[in-house]
1. Quick one: in region 68-94, of everything that is aliphatic (A, V, I, L, M) and over 14 Å from residue 176 (Cα atoms), which residue is surrounded by the most Cβ atoms within 10 Å (Cβ to Cβ)?
2. Going residue by residue through region 174-186, is there one that turns out to be more than 15 Å from the chain's Cα centre (by Cα), surrounded by 19 or more Cβ atoms within 10 Å (Cβ to Cβ) and among the aliphatic types (A, V, I, L, M)?
3. For the condition aromatic (Phe, Trp, Tyr) and buried (at least 17 other Cβ atoms within 10 Å of the Cβ), what is the one hit in 124, 137?
4. I need every pair where a residue in region 108-124 that is in a helix (DSSP H, G or I) has its Cβ under 7 Å from the Cβ of a residue that is among the acidic types (Asp, Glu) and at pLDDT 75 or above, sequence separation at least 6 or different chains.
5. For residue 143, are the conditions met, namely being surrounded by 12 or more Cβ atoms within 10 Å (Cβ to Cβ), out of contact with any Pro (no Cβ under 8 Å at 6 or more places or on another chain), among the aromatic types (Phe, Trp, Tyr) and at pLDDT 90 or above?
6. Given the structure, is residue 30 touching a Ser or Thr at 6+ places or on another chain (Cβ under 6 Å), buried (at least 19 other Cβ atoms within 10 Å of the Cβ) and modelled with pLDDT of 85 or more?
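The values are calculated or read from the model by the stated rules, or taken from the named source; none is laboratory data. These numbers come from a predicted model, not from an experiment. As a convention, Cβ positions derive from the backbone with ideal geometry for all residues, glycine included, and neighbour counts pool all protein chains shown.
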Amino acid sequence: MEKTIEKLDAEQRSVIYGLLSEIYMNEVSRDLLEQIKASGFLEIISESGSKELNLHFQGDIDELTEELACEYSRLFIGPGKHISPHESVHHKLDGGDWGKLWGESTVAVQKFIKSAGMTYIDDFKGIPDHISVEFEFMKQLTFQEKDAREINDEEQIEYFVSIQRKFLKEHIGSWVPDFCVKVLATAEHVFYKEIVCLTKEFIEFELQLTDKT
């Protein structure tokens, strides 16, 4: 998949962040599955060596939607042991214990997003360091980078790229790859297995941005 990723421009990166945000936000809807099918996402996954997921998309879409709703709940919500999709839970504290919801990183993400001049929608009831929120933030940043590049505004390009680098280094890159490893170890459905593999590889490529700082 690396050759495919290397061809991505800011607009394509924004689309990927947006789709990943929706995938991790809630149970996958039928409409989202149709969007994924039409977006070229499956082609990216196929280039990384998997054909099995394509076969699922050729079957009954309603049955697939139901299967993925159950898998999403099992993986990320519970009841029972699950993998929280919140950054703060995946950071070890000074005493060696793992973090909890609404930890220091939650507040840090909230402040970071607001400092970048972005606000949450009025009815937002989630926790700011949910993986879908962090990906949505990157979607907005990459989209604004795209707009700046279209008018050759070098100052704005540098500004939005610098924020992306900082957020990747301080937040997404500090926990998402490990989160993906944990999900992969317990995922049963090929959809989530392939999605977390794609997520991990994409974020690891994105982290190369931080090497340029």
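1. Filtering first and then ranking leaves 68.
2. Looking for residues that are more than 15 Å from the chain's Cα centre (by Cα), surrounded by 19 or more Cβ atoms within 10 Å (Cβ to Cβ) and among the aliphatic types (A, V, I, L, M), one finds none in region 174-186, hence no.
3. From the options 124, 137, the qualifying one is 137.
4. Close Cβ pairs satisfying both conditions: 109/87; 109/129; 109/134.
5. The answer is yes for residue 143.
6. Taking the combined requirement at face value, the residue does not satisfy it.
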